[in-house]
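First up is the structure itself, then whatever we jot down about it.
Read-outs: derived from the displayed coordinates by stated rules, not from any lab. All values reported here derive from a predicted model rather than from experimental measurement. Cβ sites come from the backbone with ideal geometry, for glycine too, and all protein chains shown count toward neighbours.
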Amino acid sequence: MSNEPILGGVSQLQGEALKEALELLESSLAKLEATDGLAYKAANVTSVTGQTVAGSLYTYELELQSGSETKPATVTIWHRIWLKENGTNIKIHSGGVVQLDRTW
């Protein structure tokens, strides 16, 4: 059986793909701080998956820090690198509720 990713399939990220996904998470959180003043930091990332769907959809299971508060969260980033505008969407879910939904 092949270890190659299946188009449209979800896979647990490892190695260089994991590193790139974590860099995207950090840069997206930095963009939120710069544009919206929301200072979130990723802590204790426990899972990162990737899926190729008209771009790349990354799902992060983590603890999200905002000031002195830390809470479990799921962050999804849909990244379509070829779009000059509105190519990245980030959603932050916590407690089963969408806390934030931004596109740039």
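The value of relative contact order for the chain, using C-alpha pairs under 8 Å at least six residues apart, is 18 percent.
In the stretch 12-103, a dipole from Cβ-located charges (positive for Lys and Arg, negative for Asp and Glu) runs towards its positive end, and of A73, L57, A34 it is L57 whose Cα lies farthest in that direction. Applying both filters, DSSP loop and at most 12 other Cβ atoms within 10 Å, to the chymotrypsin sites (Phe, Trp or Tyr not before Pro) of the stretch 31-103 gives W82. Computed about the Cα centre, the dipole magnitude for the chain is approximately 180 debye when only Lys and Arg (+1) and Asp and Glu (-1) carry charge, each at its Cβ.
Go through A21, N44, G96 and say which Cα lies farthest out towards the positive end of the charge dipole of the chain; charges sit on Cβ, +1 for Lys and Arg, -1 for Asp and Glu. Result: G96, furthest along the dipole toward the positive end.
Candidate cross-link partners of K71 among the lysines, defined by an alpha-carbon separation under 27 Å and a same-chain spacing of 8 or more, comprise K19, K31, K41, K91. Looking at the stretch 28-81, the trypsin sites (Lys or Arg not before Pro) that sit in a DSSP loop and have at most 15 other Cβ atoms within 10 Å of their own Cβ are R80.
Comparing A43, A73, A54 in a Gaussian network model of the chain (Cα springs below 10 Å), the most mobile by mean-square fluctuation is A54.
Rg and Dmax over the alpha-carbon atoms of the chain stand at 13.8, 47 Å.
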